[in-house]
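The values are calculated or read from the model by the stated rules, or taken from the named source; none is laboratory data. Here the structure is a predicted model, which means the values were calculated and not measured. Cβ atoms come from the backbone with ideal geometry, glycine included; neighbour counts cover every protein chain shown. Only protein heavy atoms, including side chains, enter the accessible area calculation; ligands, DNA and RNA are left aside. Shrake-Rupley method; radii C 1.70, N 1.55, O 1.52, S 1.80 Å.
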Amino acid sequence: VDEPPTLESVPWVGAPELWQAAGDVLGRNVRVGVIDSGIDYTHAMFGGSGLVEDYASNDPSVIEPGTFPTARVLGGYDFVGDDYDSSEPGLDIPVPDEDPLDCQSPSPGGHGTHVAGIVGGGGVTADGSAYQGPYDVTLDPAAFEVGPGVAPAVDLYALKVFGCVAGGTTSVSALALEWAADPDGDGVLDDRLDVGNL
């Protein structure tokens, strides 16, 4: 396929018609936790710079000042660390940290970013800049490098349960679900996320 899938799939499911016909149904103020391999919050579709060097210079085990959270990825947590592999003795012990930055490769690297883009990426124009709208039926697929997601105004949360080295199973999904129910861990669920995508 020569085009990013959201350029075809989001119009195919009728999202632009819904955005235009129903008023503000872009996902504004809906909090979505993406329980996966993390989110590349340096990507332009999530409020980052979109510069490869900003991703490459980011230490995935710490949050550098001014990098995270972004205007679109409002929080999250890395429950496992980049080296985690549940099927490999010696690497099957999670080493959590505060930075839920997605890995780019090998698999499952990038999967959480891909999923978050489908759910709520804002889109990236052909010149590499973040798309700012409007979100309606006037979208021209030729104007995009990456098309907007189905709900391009949701608040995203990156809940990283996979390391960078392997896909398969993970033993920490329950921890991510608990975090989604009570992000600040105070036992009061008034700050819970609205949606958890697992």
For the chain, with all protein chains present and a 1.4 Å probe, just round the carbon and sulfur fraction of the accessible area to a whole percent.
58 percent
So, taking all protein chains as they sit and a 1.4 Å probe, how much accessible area belongs to LEU177, in Å² rounded to tens?
90 Å²
Phi to ³J(HN,Hα) by Karplus 6.51 cos²θ - 1.76 cosθ + 1.60 over region 132-144, Hz, x for Gly, Pro:
10, x, x, 9, 7, 6, 7, 4, 9, x, 5, 8, 10
Accessible area of ASP182, 1.4 Å probe, to the nearest 10 Å²?
20 Å²
What list of ³J(HN,Hα) couplings, whole Hz, do you get for region 66-72 from phi and the Karplus terms 6.51, -1.76, 1.60, once you set θ to phi - 60° and write x for glycine and proline?
x, 9, 8, x, 10, 5, 10
Does anyone have the angle between helix 111-120 and the longest principal axis of the chain? Alpha-carbon axes, 0 to 90°, nearest 10?
40 degrees
So what's the projected area for the chain, the Cα convex hull averaged over all directions, in nm²?
11.6 nm²
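So in the chain, what percent of DSSP beta bridges are antiparallel if you round to the nearest 5?
Working: 4 of 19 bridges.
The antiparallel fraction comes to roughly 20 percent.
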Rounded to the nearest 10 Å², what accessible area does HIS114 show when all protein chains are kept and the probe is 1.4 Å?
90 Å²
Hey, if you put +1 on the Cβ of every Lys and Arg and -1 on every Asp and Glu Cβ in the chain, which of PRO183, THR113, VAL10 ends up farthest toward the positive end of that dipole?
VAL10
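Is region 100-198 best put as rounded, prolate or oblate by its Cα gyration tensor, with a ≥ b ≥ c the root eigenvalues, rounded for a/c under 1.5, and otherwise prolate when a/b is larger than b/c, oblate when not?
Working: a/c = 3.11, a/b = 1.49, b/c = 2.09.
Note, shape of region 100-198 comes out oblate.
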Hey, what do the phi angles of region 185-190 turn into as Karplus ³J(HN,Hα) couplings, whole Hz, using 6.51/-1.76/1.60 and θ = phi - 60°, x for Gly and Pro?
x, 8, x, 9, 8, 5
Result for region 66-150: accessible area per residue, probe 1.4 angstrom, in square angstrom, of 45 Å²
Under a plain spin-label model, where a point goes 7 Å from the Cα along Cα-to-Cβ, how far apart in nm are ASP127 and VAL95?
4.3 nm
In terms of solvent-accessible area of protein heavy atoms at a 1.4 angstrom probe, what is the ranking of THR169, THR70, highest value first?
THR169, THR70
Using the Cβ atoms and a cut-off under 11 Å, what net charge is assigned to the surroundings of VAL115, where Lys and Arg are +1 and Asp and Glu are -1?
-2
